[in-house]
Amino acid sequence: MSAAIGMEVLKTKGRKIWLVVAVMMAVQLLWAGWAISNKDANELAQGWLFFLYQFPMLNCIIMPVIAAVVASRLSDVEHQGQTFKLLETIIPAQRIFAAKFIWGSIYMLGAALGQLAIMIGMGFVLHFGGPVPWGALAGYLFFTLVVSLTIYIFQQGVSMLVANQMVPMTLGLVGGFIGLFSMFFPQGFQKLILWSYYGVLMQVGMNWDETTRAVDFYWTATDWSGLGLILVFFVLIYGIGRILFVRKEV
Amino acid sequence: MSNIIETEGLSKQYGNVYRVKDVDLSVPEGAIYGFLGPNGAGKSTTLKMILGLAKPTEGEIAVFGKRVNSKNRLENLKNVGSLIESPSYYGHLTGEENLRIFQTLRGVPKQNITEVLKIVRLENQQNKKVSQYSLGMKQRLGLASALLGYPRLLILDEPTNGLDPAGIQEMRELIQSLPQKFGMTVVVSSHLLSEIDQLATRVGIIREGELVYQDSLTKLHQYSKQHLAVRTMNNEVTKSFLSQKGVAWEAEDDYLIIPQMKDTMMAEISKALGQNNIGLVRIEERKKSLEDIFLELTGTAVSL
């Protein structure tokens, strides 16, 4: 397996995939800077909560785009060069699938860590109030990764099965927008959509007072059933994607 | 001589159509087996089934004497190199990097890369990106990938497709040298009769998914031996006359086709026909070309 992963690394040489992740992180950094720039000292006291509420919302769009691009970039080299028919005479198809997933996950991990770095960095620079909520930040990293890897494996499955990469890219973008707008719908509906889980697993809630127009953030309990469901989705999508790829004749 | 590939009743059905039907292939060890057939006859599908890239609907495949199944497929393929339809490559990487990927995955020594690059004469282009290679160079890189593990069996599907005459000649020489140099058995498919004629020692001809001929190339050439075409004023009476004399005949248009024979025998027949008042109006020497035989077997015009 290590050889297969190593070769995935070599295949991405010159593909500038990290650049895509970096650009998306820069967008997130700019957005975070803009969003926090008009906050006064009182509001900055809730800075950690503000970020832990806003970042998952933004992730509905940012992470699906990263997942779609990474999965597509890792798969289209195989489609373009018609290499699956050679690779599958050397190593098992399931190993190709697993190696791609593991290497793609590194990009998703990089993006999630990048977001964490942005939050922590801005928190320290702008002196957010109270102690650093390390537990909640770790939770954020974990939940972001679980949801992102589930979306990534969906994207990888489609990218590996369909040669035309416009299909998975479109699915990724549409999914992201549905995920974002599903936050206006009941939780039962949200839980049916992969891209909504950034919101489902949010650790912070928001009260908005209509008369004072004041915003107040508060900690919420983890939605364990949501976490359980997304893990089930991950296992199912990985399994189905792998079976379809292994059975696919090249 | 043992067979390195043997298939029995190999079939592949897509929807209601059989792309390959009851193919019994036998490839002897050390041979260059020419798998010939028009485009769409089922050559690639058959080869893909042997490599496990397509699942047979029916039938058995044995490679190196072992029945191939999903469990032992990759173990068996360790001794098989392949180039199917078009070369597989990563265009954004160099030739050497491409080979390094397949060498690492195959688990064969790194020095094999240098060796196969020399065999296919790509050592001077190894650091160039493959996207900048010509089609001929890409085909040679594909062959190099197939040779990396010095396999006992090499399966090449239309390796000269798209190459110019010089490229075809070069590829042909390369393929021809492999059995002698490395003791490999080579299966090479093509829709070009002339190519297989110059390369193969044994040939299998496939038509609409069915194997219509399989034997040595020498035997195929025997079909093209000369025969005589005679026309008389009364072919019907001549037919029974020839049968009485024990001469095999076959009617073709206004002619009777009979085997090549000694002049004395032909003189005797013509004299006897004259004595029976049957006028002999034509005696022609004819030879079936290999193309005619191919046409008869496949029902399609041959590509030259």
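Numbers below:
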read-out: B:Leu148 being in contact with a helix residue (DSSP H, G or I) (Cβ under 8 Å, 6 or more places away or on another chain) and either on the phi < 0 side of the Ramachandran plot or crowded, with 19+ Cβ neighbours inside 10 Å (or both); value: yes
read-out: Helices (runs of 4 or more DSSP H) within region A:142-250 that include 2 or more residues surrounded by 12 or more Cβ atoms within 10 Å (Cβ to Cβ), within 14 Å of chain B (Cβ to nearest Cβ) and not polar (S, T, N, Q); value: A:224-247
read-out: Among (1) surrounded by 15 or more Cβ atoms within 10 Å (Cβ to Cβ); (2) more than 7 Å from chain A (Cβ to nearest Cβ); (3) of a type outside the set (A, V, I, L, M), the one test that B:Gly9 misses; value: (1)
read-out: Residue check for A:Thr12: among the hydroxyl-bearing types (Ser, Thr, Tyr), in contact (Cβ under 8 Å) with a residue 40 or more places away in the chain and within 12 Å of chain B (Cβ to nearest Cβ); value: yes
read-out: Subset tally (residues that are surrounded by fewer than 18 Cβ atoms within 10 Å (Cβ to Cβ), within 28 Å of the chain's Cα centre (by Cα) and within 7 Å of chain B (Cβ to nearest Cβ)) for region A:77-91; value: 1
read-out: Condition check for B:Ile101: of a type in the set (A, V, I, L, M, F, W, C) and touching a Lys or Arg at 6+ places or on another chain (Cβ under 8 Å); value: yes
read-out: Only listed residue being of a type outside the set (Lys, Arg) and under 12 Å from A:Asp76 (Cα atoms), chosen from A:Leu137, A:Leu161; value: A:Leu161
read-out: Residue check for B:Gly183: surrounded by fewer than 17 Cβ atoms within 10 Å (Cβ to Cβ) and in contact with a Gly (Cβ under 8 Å, 6 or more places away or on another chain); value: yes
read-out: Number of the exception - A:Leu58 against (1) without any contact (Cβ under 8 Å) to a residue 60 or more places away in the chain; (2) more than 10 Å from chain B (Cβ to nearest Cβ); (3) touching a Leu at 6+ places or on another chain (Cβ under 7 Å); value: (3)
read-out: Residue selected from region B:151-166 under the condition within 12 Å of B:Leu83 (Cβ to Cβ) and crowded, with 19+ Cβ neighbours inside 10 Å, by the criterion farthest from the other protein chains (Cβ to nearest Cβ); value: B:Thr160
read-out: Flag if A:Trp31 is more than 12 Å from every other protein chain (Cβ to nearest Cβ), in contact with a Phe, Trp or Tyr (Cβ under 9 Å, 6 or more places away or on another chain) and in contact (Cβ under 8 Å) with a residue 12 or more places away in the chain; value: no
read-out: Near pairs, Cβ below 8 angstrom, 6+ apart or cross-chain, from region A:153-173 (in contact (Cβ under 8 Å) with a residue 24 or more places away in the chain) to any residue that is among the β-branched types (Val, Ile, Thr) and not in a helix (DSSP H, G or I); value: A:Pro168/A:Val162
read-out: Test result for A:Phe97, away from every other protein chain (no Cβ under 14 Å) and either buried (at least 20 other Cβ atoms within 10 Å of the Cβ) or of a type in the set (Val, Ile, Thr) (or both); value: yes
read-out: Test: residue in region A:38-47 that is closer than 30 Å to B:Glu97 by Cα, away from every other protein chain (no Cβ under 14 Å) and either of a type in the set (S, T, N, Q) or within 20 Å of the chain's Cα centre (by Cα) (or both); value: no
read-out: Residue among B:Leu147, B:Leu135, B:Leu143 that alone is out of contact with any Phe, Trp or Tyr (no Cβ under 9 Å at 6 or more places or on another chain) and within 13 Å of chain A (Cβ to nearest Cβ); value: B:Leu143
read-out: Region A:90-127, residues that are of a type in the set (Phe, Trp, Tyr) and under 24 Å from A:Tyr140 (Cβ atoms); value: A:Phe101, A:Trp103, A:Tyr107, A:Phe124
read-out: Any chance B:Glu8 is of a type outside the set (Gly, Ala, Ser), closer than 30 Å to B:Asn127 by Cβ and either within 15 Å of the chain's Cα centre (by Cα) or part of a strand (DSSP E or B) (or both); value: no
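Only the coordinates and a few stated rules stand behind these numbers; no lab work does. A quick note: this is a predicted structure, and the numbers were derived from the prediction, not measured. FYI the Cβ positions are ideal-geometry reconstructions off the backbone, even for glycines, and counts take in every protein chain you see.
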